[in-house]
1. Restricting attention to the stretch 1-34, and to residues there that are under 22 Å from ILE79 (Cβ atoms) and among the small types (Gly, Ala, Ser), which single residue is surrounded by the most Cβ atoms within 10 Å (Cβ to Cβ)?
2. Given the condition on the phi < 0 side of the Ramachandran plot, surrounded by fewer than 12 Cβ atoms within 10 Å (Cβ to Cβ) and of a type outside the set (D, E, K, R), answer yes or no: does some residue in the stretch 35-46 qualify?
3. Among the numbered conditions (1) modelled with pLDDT of 90 or more; (2) surrounded by 13 or more Cβ atoms within 10 Å (Cβ to Cβ); (3) among the aliphatic types (A, V, I, L, M), tell me where LEU56 comes up short.
4. Taking only pairs six or more apart or across chains, which ones have beta-carbon atoms under 8 Å, a first residue in the stretch 3-19 that is more than 17 Å from GLY37 (Cβ to Cβ) and touching a residue at least 24 places away in the same chain (Cβ under 8 Å), and a second residue that is assigned to a helix (DSSP H, G or I) and among the charged types (D, E, K, R)?
5. Applying the selection to the stretch 65-84, what residues are of a type in the set (Val, Ile, Thr) and under 15 Å from the mean Cα position of the chain (by Cα)?
6. State which residue is farthest from ILE24 (Cα to Cα) when the search covers only the stretch 54-76 and only residues that are touching a Leu at 6+ places or on another chain (Cβ under 9 Å) and hydrophobic (A, V, I, L, M, F, W, C).
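The values are calculated or read from the model by the stated rules, or taken from the named source; none is laboratory data. Everything numeric here is computed off the predicted structure, so don't read it as measured data. Neighbour counts are summed over all protein chains in view; Cβ atoms, including those assigned to glycine, are modelled from backbone coordinates with ideal geometry.
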Amino acid sequence: MSQAQRTHIFYFILLVLTLAAFIIAERQTAEPWLMGGVLVTAWIKGQIVVDYFMRLRRVRRRLWRNVVSGWLFLILAVIAYTYWLSLTPPLN
């Protein structure tokens with residue numbers, strides 16, 4: 001498979017995952033497991049970008065790939081924590 005074909009396949013996967021996340025997020029019921037699905041699709045899309053479009057998949061030293069993947073995980077964890085805080089009732 002050529003590099004151009006692989007790029008088109010990953011681009012199509014990104015489009016499908018974005019559409020799936022949009023459909024899940026636009027539902028009127030904001031179930032926590034649905035939001036977890038949105039965050040998982042965001043993580044998968046982020047890893048595709050890191051690995052294939054930033055070309056960090058096959059670097060000799062994994063430092064930069066780990067730094068960028070860690071940053072992605074941190075951002076998604078902050079989003080998940082913020083969502084979790086919005087579900088808990090206020091302490092009055």
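1. The selected residue is ALA21.
2. The answer is no, given that none of the residues of the stretch 35-46 is on the phi < 0 side of the Ramachandran plot, surrounded by fewer than 12 Cβ atoms within 10 Å (Cβ to Cβ) and of a type outside the set (D, E, K, R).
3. Going through (1) modelled with pLDDT of 90 or more; (2) surrounded by 13 or more Cβ atoms within 10 Å (Cβ to Cβ); (3) among the aliphatic types (A, V, I, L, M) one by one, LEU56 breaks only (1).
4. none
5. Those that are of a type in the set (Val, Ile, Thr) and under 15 Å from the mean Cα position of the chain (by Cα): VAL68, ILE75, VAL78, ILE79.
6. TRP64
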